[in-house]
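Heads up, the thing below is written out as C-alpha cells.
Rule-based calculations on the coordinates, nothing more; no lab input. The model shown is predicted, which means the values in this text are computed figures rather than measured ones. Note: ideal-geometry Cβ built from the backbone for every residue, glycine included; neighbour counts use all protein chains shown.
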Amino acid sequence: MTLLDLSDVNAYYGNSHVLFDISLSVEENEVVALLGRNGAGKTTTLRAITGTVPRREGTITFRGESIIDESVDSISNKGIKLVPEERRIFPTLTVQENLSVARGACRGTEPRPIEEMFEIFPVLDDLRENRGRNLSGGEQQMLSVARALVQNPDLLLLDEPTEGLAPVIVEDLADVLEDIVSRDVTVVITEQNVDFALDLSERAYIIESGENAWDGSIADLRQREDLLDEYLSVGEANAD
Ligand SMILES: Nc1ncnc2c1ncn2[C@@H]1O[C@H](COP(=O)(O)OP(=O)(O)OP(=O)(O)O)[C@@H](O)[C@H]1O
Ligand SMILES: [Mg+2]
C-alpha cells in the first residue's frame, strides 16, 4: 500500500522558489533514500512533508488522505516524525528524561515502551542517567532518533543522520536503523553519505536543484556510476 505520495510539490522560502514539481511515493515498510548534493532540496522536501516549510503547494497524501492543508501538529499526530539535521534533544535532561518527555508528548499514536528504546539503542542503556549535553555527537544522534521512535511513528524521516559522526559510530547507527526498519517502520532518509544510504534503502530518488533528477532501485543505482558522479559527489561529501 502507498503510505506517502507527493505529486508536483512546490515549496518556497519567502520569494525564493526551491522545490519544482517534486513527485515521490513511499510504500508501507519501505526504506527510501532521498539523495542529492548540498542545497539540492532534500531537507526542504522533508519539511514539505511535515508542513514546516513556510509555503508549499501541490498534492501530498498520507494513507490516501490529503495532508497539504494540515497543520504541523496535525501531520505529526498522524504518525509522521522528522529527525532534523540539527539534533533536537534537551541538554539539561538525562537520557531517560529525554525519552519520557518525548513519550509524554506523543499524540495520535500509542507510544512505544522506553525499555524497547534501550533494547534497540544499547549505547543509551548505559547512559540512562547522563545529561544530554554530556553525550557525544553520535550518542546525541542515537537519542534524537530514539526520541522520534518512542512516539511510534508510521513514517520516520531522517535528515542526514550520519552528518559529523565518526565512521565507527556510523556503523553503530547503521545497525540500529536496520533494527528499526525490521520493526514495521517506514523510513525516508536523506544522506550525503551515499554508501550508508544505499546499504539501508531499497529505492532512491535523486533531487537536483529542487527537481526530480532520477528514481529507481538501489540495485540499478549501484550500476549507474554516471549518476553517482553527476549528482552525488561520491567520495567528497562523507563526514570525517
Ligand atoms: N530557511 C531558508 N531560507 C531561504 N532559503 C533556504 C532556506 N533553507 C534552505 N534554503 C535554500 O533552499 C535550497 C534547498 O535547500 P535544502 O536545505 O533543502 O537542501 P539540502 O539538499 O537539504 O542541502 P544539504 O545537503 O546542504 O542539507 C537551497 O538553495 C537553500 O539555500
Ligand atoms: Mg539538508
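Give me D for the chain in µm² s⁻¹, whole number, from Stokes-Einstein with Rh from the Kirkwood sum over alpha-carbon pairs, 20 °C and 1.002 mPa s.
Once the numbers are plugged in, D ends up at 118 µm²/s.
Quick one: Cα centre-to-centre distance for segment 22-97 and segment 151-219, in angstrom?
Taking the Cα centre of each part, segment 22-97 and segment 151-219 sit 13 Å apart.
Could you order the peptides 204-212, 147-155 from most to least packed, using the average number of other C-beta atoms within 10 Å per residue?
Working: 204-212: 20.1, 147-155: 22.2.
The packing order, highest mean first, is 147-155, 204-212.
Could you work out how much longer the chain between residue 220 and residue 88 gets when fully extended? Use 0.36 nm per residue separation minus the Cα distance between them, nm to one decimal. Write out the running numbers ahead of the final one.
Working: separation 132, 0.36 × 132 = 47.52 nm, distance 3.48 nm.
Extra length from residue 220 to residue 88 when fully extended: 44.0 nm.
Over segment 2-232, what is the relative contact order in percent, taking alpha-carbon pairs closer than 8 angstrom and at least six residues apart?
27
Fewest first, what order do 34, 198, 82 take by the number of other Cβ atoms within 10 Å?
On the way: 34 27, 198 19, 82 23.
Ascending number of Cβ neighbours within 10 Å: 198, 82, 34.
If I stretch the segment between residue 230 and residue 133 completely, what's the gain in nm (0.36 nm per residue apart, minus their alpha carbon distance), one decimal?
31.0 nm
If packing is taken as the average number of other Cβ atoms within 10 Å across a peptide's residues, how do 117-125, 131-139 rank, most packed first? All intermediate terms of the calculation are to be shown ahead of the outcome.
Numbers: 117-125: 18.9, 131-139: 16.4.
Going by the mean number of other Cβ atoms within 10 Å, highest first, we get 117-125, 131-139.
Under the √(5λ) rule applied to the eigenvalues of the Cα gyration tensor, what semi-axes describe the equivalent ellipsoid of segment 89-141? Give them in Å, descending.
19, 13, 9
Neighbouring Cβ atoms within 10 Å as the yardstick, rank 163, 171, 110 fewest first.
Lowest count first: 110, 171, 163.
For the residue pair residue 168 and residue 72, what label-to-label distance in nm results when each label sits 7 Å from Cα along the Cα-to-beta-carbon direction?
Distance between the two pseudo-spin positions: 3.8 nm.
How far apart, in nanometres, would the label points at residue 2 and residue 125 be if each is projected 7 angstrom from Cα along the Cα-to-Cβ direction?
A separation of 4.1 nm, rounded to one decimal place.
Using each residue's phi in segment 93-103, evaluate 6.51 cos²θ - 1.76 cosθ + 1.60 at θ = phi - 60° and report the 3J(HN,Hα) Karplus result to the nearest Hz, with x for Gly and Pro.
The phi angles translate into 8, 6, 4, 4, 5, 4, 6, 5, 5, 4, 5 Hz.
Please give, to one decimal in nm, the separation of the simple spin-label points placed at residue 101 and residue 116, each 7 Å out from Cα toward the Cβ.
2.3
Arrange the following residues from fewest to most other Cβ atoms within 10 Å of their Cβ: 44, 162, 92.
Going from least to most buried by this count: 92, 44, 162.
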